[in-house]
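The values are calculated or read from the model by the stated rules, or taken from the named source; none is laboratory data. Everything numeric here is computed off the predicted structure, so don't read it as measured data. Counting neighbours? That spans all protein chains shown, and the Cβs are built from the backbone with ideal geometry, glycine included.
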C-alpha cells in the first residue's frame, strides 16, 4: 500500500466546520476522486464536525486517504469524549435531534458513506466513521486492515508509519517508529517502508536485515514485521525496539520484541511464531500508545471493523506527547 495521508483537526466551534469540509475536498481532489464522490466526502466531514459541536461540545476529526493497491478510499472519523448515545438507531433517524436542529446529520453521513459505523458508550463518548471509495465498485479482501498514524502536536509530519501488502493470500505488515519525531524520524520510517514494499524476500529476518542496512544513514527506527496466514493458522512476528504487538483471541498474547535500533544497534533478529485463528485480531502500535488497554472494556468492539478499533484506542490511550501509530488486522470478507 501507499503510505496513508492523514489529517487531524480539532473542532470546538462552528467556525471550524468549514476548514474540515475544505480539507476533505482537497484530499479527495488530490486522490483523484470525481466531483460526485468528492462532494460525498465533503458532506460527511461537514456533518461530522457539526455533530461534534452540537452533541459533544468538541472533539477531533481525522481524515485519512489510503491506497492499499486493491482499493483507493478516504475515511472520515469523528472522535469525542462526550455523553455518548443511549440509542444509536434513534439518533440515525432523520428528524431526531436533542438540540432542536434539523436532525439530519448522522442520517446524511450514513447515506453518503460506502461504509459507516458508530460506536458509543454512555458517558464515555462516541466514534463515528464514514468511508468513501474512489470508485463505485470496490474489491473484497481476505484481510480487513485499519490503521492510524497521528503526528505529535505542532510537528508537520509523523515519525511513525504503518504499511502492509498481501501476497499469495498472506498479509505482511510493518510498523515503524523513527527515533524522536519530526522530519528526520519521518524520513527513517519512510525509508523502512520503501524497503519493505520492495518485497525482495518473504522471510521476515531477511526483510528486517535489509531494513536495518537501509537505515544506517538515517536517525534509525524501531520496527516490527508481522506475517499473518489464516490458512496456516500462523502469525510470525519479528520486533526490534519499542513496537508493541498483541494477538487478541480467547487468550490475548503479548508479542515479543527485542532490544535494538534499526540502522544502528540491532543485533538480534528473531522471528517468533504464534497460533492465529479466524477470529484472531492483530494489533500493533508504537510507543505513543499506552499499553494498559483491553478490548474487554468495550462491549462488542471486537466485532467492529479494524479502523473503529484503532480509532477508539487512539482516542482513549494516546499519550499525547509523541507520534502515535496503531494498526489493526482481522480476517476480511466484510466488504
Residue 234 vs. criteria in the same structural domain as residue 147 (by TED's automatic domain parsing) and out of contact with any strand residue (DSSP E or B) (no Cβ under 9 Å at 6 or more places or on another chain): no
Taking helices (runs of 4 or more DSSP H) that fall entirely within segment 1-92, which contain at least 1 residues that are under 18 Å from residue 109 (Cβ atoms), within 20 Å of the chain's Cα centre (by Cα) and at pLDDT 95 or above? 17-30, 35-55
Considering only residues that are assigned to a loop (DSSP other than H, G, I, E, B) and at pLDDT 95 or above, look in segment 102-136 and name the one that is nearest to residue 48 (Cα to Cα). 113
Mind checking whether some residue in segment 248-268 is in contact with a strand residue (DSSP E or B) (Cβ under 8 Å, 6 or more places away or on another chain), under 27 Å from residue 70 (Cα atoms) and in the same structural domain as residue 224 (by TED's automatic domain parsing)? yes
With the requirement that a residue be surrounded by fewer than 20 Cβ atoms within 10 Å (Cβ to Cβ), over 26 Å from residue 231 (Cβ atoms) and modelled with pLDDT of 95 or more, what does segment 137-169 give you? 157
Residue tally, condition more than 29 Å from residue 60 (Cα to Cα) and touching a strand residue (DSSP E or B) at 6+ places or on another chain (Cβ under 8 Å), over segment 166-180: 5
Can you report the number of residues in segment 204-219 which are in contact (Cβ under 8 Å) with a residue 40 or more places away in the chain, under 20 Å from residue 245 (Cα atoms) and touching a strand residue (DSSP E or B) at 6+ places or on another chain (Cβ under 9 Å)? 5
Would you tally the residues in segment 299-330 being closer than 26 Å to residue 153 by Cβ and surrounded by fewer than 18 Cβ atoms within 10 Å (Cβ to Cβ)? 5
Kindly indicate whether residue 218 is in contact with a helix residue (DSSP H, G or I) (Cβ under 6 Å, 6 or more places away or on another chain) and crowded, with 16+ Cβ neighbours inside 10 Å. yes
Here are some residues: 296, 267, 273. Which one is exposed (fewer than 12 other Cβ atoms within 10 Å of the Cβ) and within 21 Å of residue 142 (Cα to Cα)? 273
Name the residue, out of 327, 308, that is in the same structural domain as residue 152 (by TED's automatic domain parsing) and in a strand (DSSP E or B). 327
